[in-house]
Structures are given as structure tokens and as C-alpha cells.
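The values are calculated or read from the model by the stated rules, or taken from the named source; none is laboratory data. What you are looking at is a predicted structure, and each value in this text was computed from that prediction instead of being measured. In this analysis, Cβ positions are derived from the backbone assuming ideal geometry, glycine residues included, and neighbour counts consider all displayed protein chains.
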Amino acid sequence: MIYDYIVDNFVNGEPIFISELPGESKDYLRQEMKKLVDDGKMERLYNGVYFLPYLTILGTKGKVSMDKYIEKKYLTVDGKTAGYITGLQLANTYGFTTQSPACYEVCSNEATTKQRKQEIDGNTIVVYKPVTVVTDKNKSALQFLDLMTTIDKYSEISGTELTAKLRKYIKTVRLDFKTVKQYLSLYPDKVYRNIYEGGLMNELV
């Protein structure tokens, strides 16, 4: 039974895509999932995406994990690297700003247009099309170049403090500047300036 498979393979709050479920007929799976939703055994996030209903420790109705949704939908698809977090959320994650992002921003191979907004369960996700196909090998380089595109806009620190923070970031993600140089020409000229002002020009030589 499909419900038993779901209970055994998914946890509370985890988004469940139709494509992850066993069965040759997608129509059959949709019918089965509709029955489970009608019976209160499943919740529908939107057509083709579901999650197990649960209660939080406060006794309120649990929601789907947006981080897990984004991971499955845009960042790791079919077991392969397909995207990365970008924008203000990236700058906040690594301590360049204390500003809390109002939306999730991702750059993903799954994007069909240059930029698209998606509203999911009260959350806004902005999906950008990458400058080239994102792979496991170039993900860190592209994410770094994205960061350097907006660092002057988002960073609350400068000078030696910014350089120290950038070097810590580089070490954390194990950035390979040989790969960075391969994709540098795909980004705006101001990236060079931001890299220079961030004290990282020697890394490009």
C-alpha cells in the first residue's frame, strides 16, 4: 500500500513528490494520494506535492519544511547537484549581514525563465536561472561569484573585517579559484572591483 511506503520512507514535514513514489502509473498515484488527502492521512502542498500531517510540540498543525522543499525541488534533483542558495539569504548565512531575508532565493538548473517567483504555503521563493549549468564541481565557484556580485549591496562590514570574513567563507566552502576564473567572464565587471575591495585579487593571479 502506498501509505505504508510513505510512512516508512518519509518524515514529518518532508515534501513528497509524486515522482518519488513507486508505481508506473502517475494517474493511479494521484488517485491514491487524493484518497489519502480526503481521508486526512496526507496533506497536499499543491498538485503533485504532499506531506504527512502532524502536530507540533505546541499542538498546532505542522507545516511542510521549506528548506527540505527547496532542497528537493531546486538544489539536489535526482541525486545530482542542481542549484544553490543565493542573494541576501547567502550573505546572511555566512555572516556578512544581520538582515533577515524576506524570501528564499535560489539559483537552479530547474529554472525555466531568468527569474520567477513562487508562492508556497505563505513563503516566497525567487528562482533564478544560472549563468551556466550548475554541477557539483562548479557550484561553490558560481555561488561565490553570485556573492561577489551583491557583496557591496548586502555586506554590513568592510575593510580588514570583510577580508577576514571572506577568507573564512572561502575556507568553509573549500573554494577552488581555478574554477572561479573559468566562470568570471560570465559575471558583471563590478565583480572584479568587489573581489579587489574584498582583498582577494591575489587569489585570481
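So here's what we get for this one:
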{"quantity": "Residue that is surrounded by the fewest Cβ atoms within 10 Å (Cβ to Cβ) [pool: residues in segment 57-69 that are modelled with pLDDT of 90 or more and aliphatic (A, V, I, L, M)]", "calculated": "MET66"}
{"quantity": "Scan of segment 176-205 for residues that are in a loop (DSSP other than H, G, I, E, B) and closer than 10 Å to LEU145 by Cβ, ordered by number", "calculated": "TYR187, PRO188"}
{"quantity": "Residues (exposed (fewer than 14 other Cβ atoms within 10 Å of the Cβ) and within 12 Å of the chain's Cα centre (by Cα)) located in segment 110-135", "calculated": "none"}
{"quantity": "Qualifying residue in segment 146-167 (condition: small (Gly, Ala, Ser), farther than 19 Å from THR86 by Cβ and surrounded by 12 or more Cβ atoms within 10 Å (Cβ to Cβ))", "calculated": "yes"}
{"quantity": "LYS80 vs. criteria more than 17 Å from GLU20 (Cβ to Cβ) and among the charged types (D, E, K, R)", "calculated": "no"}
{"quantity": "TYR50 being within 27 Å of ILE2 (Cα to Cα) and touching a Pro at 6+ places or on another chain (Cβ under 7 Å)", "calculated": "no"}
{"quantity": "Checking MET42 against (1) touching a Pro at 6+ places or on another chain (Cβ under 8 Å); (2) assigned by TED's automatic domain parsing to the domain that holds ASP152, the condition it does not meet", "calculated": "(2)"}
{"quantity": "Residue check, PHE96 more than 30 Å from LEU21 (Cβ to Cβ), in a loop (DSSP other than H, G, I, E, B), at pLDDT 95 or above and not β-branched (Val, Ile, Thr)", "calculated": "yes"}
{"quantity": "Among residues of segment 118-160, those that are closer than 29 Å to VAL49 by Cα and charged (D, E, K, R), counted", "calculated": "5"}
{"quantity": "In segment 1-47, residue surrounded by the most Cβ atoms within 10 Å (Cβ to Cβ) [restricted to those that are touching a strand residue (DSSP E or B) at 6+ places or on another chain (Cβ under 7 Å) and free of Cβ contacts under 8 Å to residues at least 40 places away in the same chain]", "calculated": "MET33"}
{"quantity": "Residues located in segment 70-109, provided they are under 19 Å from THR172 (Cα atoms), out of contact with any helix residue (DSSP H, G or I) (no Cβ under 8 Å at 6 or more places or on another chain) and surrounded by fewer than 14 Cβ atoms within 10 Å (Cβ to Cβ)", "calculated": "THR93"}
{"quantity": "Matching residues, segment 190-199, being touching a helix residue (DSSP H, G or I) at 6+ places or on another chain (Cβ under 6 Å) and within 14 Å of PHE177 (Cβ to Cβ)", "calculated": "VAL191, ILE195, GLY198, GLY199"}
{"quantity": "Qualifying residue in segment 187-200 (condition: without any contact (Cβ under 8 Å) to a residue 60 or more places away in the chain, surrounded by fewer than 15 Cβ atoms within 10 Å (Cβ to Cβ) and of a type in the set (S, T, N, Q))", "calculated": "no"}
{"quantity": "Subset of segment 118-131 [more than 30 Å from ALA164 (Cβ to Cβ) and at pLDDT 95 or above]", "calculated": "THR124, ILE125, VAL127, LYS129"}
